[in-house]
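Undergrad: One structure, pasted below without further comment.
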Amino acid sequence: MYAVSQDIILAVLRKKGERRMTTSKLANETGINRRTLTKVLNDKNVIVQGKTYTALSEWLAKNI
């Protein structure tokens, strides 16, 4: 289990906004459930599984 930092959340929100993506589209691109993404993006302290953390990190790295 991994804690998603505020820096990662902010980076995901910025990239999502720059690309004018919906949460559903982000979910499709990352392979993360839409409800999980909503929780990650809206809550301050979120603990996620390793595969969710990896998927977010890879999406950020791929879309720099």
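Undergrad: Only loop residues by DSSP count here, and only those with at most 13 other Cβ atoms within 10 Å; note down the trypsin sites (Lys or Arg not before Pro) in the chain that meet that. Display every interim value, and only then the final one.
TA: On the way: sites: ARG14, LYS15, LYS16, ARG19, ARG20, LYS25, ARG34, ARG35, LYS39, LYS44, LYS51, LYS62; in loops: ARG19, ARG20, LYS44.
Sites meeting the loop and neighbour criteria: ARG19, ARG20, LYS44.
Undergrad: Excluding same-chain pairs closer than 8 in sequence, count the lysine pairs in the range 2-62 whose Cα atoms lie under 18 Å apart.
TA: Lysine pairs, 8 or more places apart or on different chains, close enough: 11.
Undergrad: Same structure again: Just grab the label-to-label distance for ASN42 and LEU13, each label 7 Å out from Cα along the Cβ direction, in nm (one decimal).
TA: It is 1.3 nm.
Undergrad: What is the magnitude of the charge dipole of the chain about its Cα centre, with +1 placed on the Cβ of each Lys and Arg, -1 on the Cβ of each Asp and Glu, and no other charges, expressed in debye to the nearest 20? Provide the component values of the computation, followed by the final result.
TA: Values: 12 positive and 5 negative charges, 49 e Å.
Here the size comes out at about 240 debye.
Undergrad: Have a look at GLN6, MET21, ALA55 and report the one farthest towards the positive end of the charge dipole of the chain, computed about the Cα centre with Cβ charges (Lys/Arg +1, Asp/Glu -1).
TA: MET21
Computed from the coordinates by the stated procedures, all read-outs in this text should not be read as laboratory data. Since the model is a prediction, treat every value here as computed from it, not as a measurement. Please note: Cβ atoms are built from the backbone with ideal geometry, for glycine as well, and neighbour counts cover all protein chains shown.
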